[in-house]
Amino acid sequence: MATNEKASFCDVCQTRDLNKSAEEYCHQCEQTLCLECRDHHKASKLSKSHQTISIEKYRKLPSFIKEIKHNCEEHDCVLEFFCKYHDSLCCKLCCKLCCKLCLLSSHKECKETIFIEDFRTPSSGHQPAALDNIEKVVQDLESNICSALKDRNRNLNELRDKKTVIREQIKEKREEINTLLDNLEGELLEKASAMETEYCRKIEVVIEKLEDEKKKVDEIKKRY
């Protein structure tokens, strides 16, 4: 597959030691093409059905998309089949000794090998089971996300409601405490006032007695 650096030049021309600006990219051939090679590419019987994209669009593709292989690295053949049993893409020449087992040898025993083109465009007119599974997974995922969003929103509302309840409880407790403090203040002031009255009366009695005794002393002094 062409890298961003090599995407500036036509891969086909570079095999002939020519440097021509690349204009389009073919993901099936995994090659960049100049205008001349693009025209030959479209006219060729083997590649006329290939779909190409502009170099500008190719450069904007995410790296994980660019890394998708369309040809077998072992045999440089198109990956035409998918084995569900081995969960791998394979070409018709892949052998058992490499990790990509071939359709003609080991995969002939695999009963769940799919020709990719049949998978993409089923002749029966019915949607493949794999796509049904994908749709179900997507629907389940959407349902799970919606449920999670609903739960989180409910949690937010519950937290806001609890905050309101706690605020009201604090307000009620504050009022109760204020009432208790007011009552306690009243009782203490009342007791202090009563004690003041009592001790003042006792002191006044003592003062009266002392005044009487002083008068007696004064009378005695006058006699002598």
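So here's what we get for this one:
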quantity: Simple spin-label estimate for Lys191 and Asn157 in nanometres, 7 Å along Cα-Cβ; calculated: 5.3 nm
quantity: Under the Karplus curve 6.51 cos²θ - 1.76 cosθ + 1.60, θ = phi - 60°, whole-Hz ³J(HN,Hα) for segment 45-55, x wherever Gly or Pro sits; calculated: 4, 7, 10, 5, 8, 5, 9, 10, 10, 5, 4
quantity: Whole-number D in µm² s⁻¹ for segment 157-212, Kirkwood Cα-pair radius fed into Stokes-Einstein, 4 °C, 1.567 mPa s; calculated: 85 µm²/s
quantity: DSSP-assigned coil residues among chymotrypsin sites (Phe, Trp or Tyr not before Pro) in segment 37-88, each with at most 16 further Cβ atoms within 10 Å; calculated: Tyr85
quantity: Anisotropy class of segment 1-79 from Cα gyration tensor, a/c 1.5 cut; calculated: rounded
quantity: Under 13 Å, Cβ to Cβ, from Leu159 - net charge with Lys/Arg +1 and Asp/Glu -1; calculated: +3
quantity: Heavy-atom surface of segment 1-84, accessible at 1.4 Å and reported per residue (Å²); calculated: 66 Å²
quantity: Segment 132-220 - percent of accessible surface contributed by carbon and sulfur, probe 1.4 Å; calculated: 58 percent
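The values are calculated or read from the model by the stated rules, or taken from the named source; none is laboratory data. What you are looking at is a predicted structure, and each value in this text was computed from that prediction instead of being measured. Methodologically, a virtual Cβ is constructed for each residue, glycine included, from the backbone with ideal geometry; neighbour enumeration extends over all protein chains shown. Ligands, DNA and RNA are stripped out before the accessible areas are found, and what is left, the full protein with its side chains, is counted by its heavy atoms. Shrake-Rupley method; radii C 1.70, N 1.55, O 1.52, S 1.80 Å.
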